[in-house]
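As structure tokens, the structure follows; a few thoughts come after it.
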Amino acid sequence: MYEKIEFFVANKHLPGLNPLTFGDQRCRPLHFAGPCARSYWLLHYVVSGKGVMVVGDRTYNIGASQCFIIRPQEKVFYQADEYDPWHYIWLAFSTDIEMPDTMYQDVVTVP
């Protein structure tokens, strides 16, 4: 079953970390986003399945227990696998604080 659940948070312009939207999506085969850039941070945690993300000239094969990180103003393309499309949860936020070094990696494994 393919479904998307998304929640929007009223932008309170909070200092520090300001959540914007979050959700859960079980993608259809070959579902994609981009290439595009956003004005906010966007984290996707892959619960199951797999897909690919392209950032500049770097291509990543991403699967369960991995998080892919999209930074503001960064042009990114990502797509679910044809045979084992991913199910991910995501969080979009803005921030006015310096992010830890981990957030400047494209993909992080989170067991």
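The values are calculated or read from the model by the stated rules, or taken from the named source; none is laboratory data. All values derive from a computational prediction rather than experimental measurement. Every residue, glycine among them, receives a Cβ derived from its backbone with ideal geometry; neighbour counts consider all protein chains shown. Surface accessibility is based on the protein's heavy atoms, side chains included, excluding ligands, DNA and RNA. Shrake-Rupley method; radii C 1.70, N 1.55, O 1.52, S 1.80 Å.
Below are the figures for this structure:
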| quantity | calculated |
| --- | --- |
| Calculated from backbone phi, Karplus (6.51, -1.76, 1.60) coupling profile of region 69-76 in Hz, x at Gly/Pro | 10, 10, 8, x, 6, 9, 7, 9 |
| Heavy-atom surface of the chain, accessible at 1.4 Å and reported per residue (Å²) | 59 Å² |
| Charge tally in the Cβ shell below 10 Å around Trp41, where Lys, Arg are +1 and Asp, Glu are -1, Trp41 excluded | +1 |
| Carbon + sulfur, % of accessible area of the chain - ligands and nucleic acids excluded, 1.4 Å | 57 percent |
| Normalised per residue, the volume of the convex hull around the Cα set of region 38-86 (Å³) | 61 Å³ |
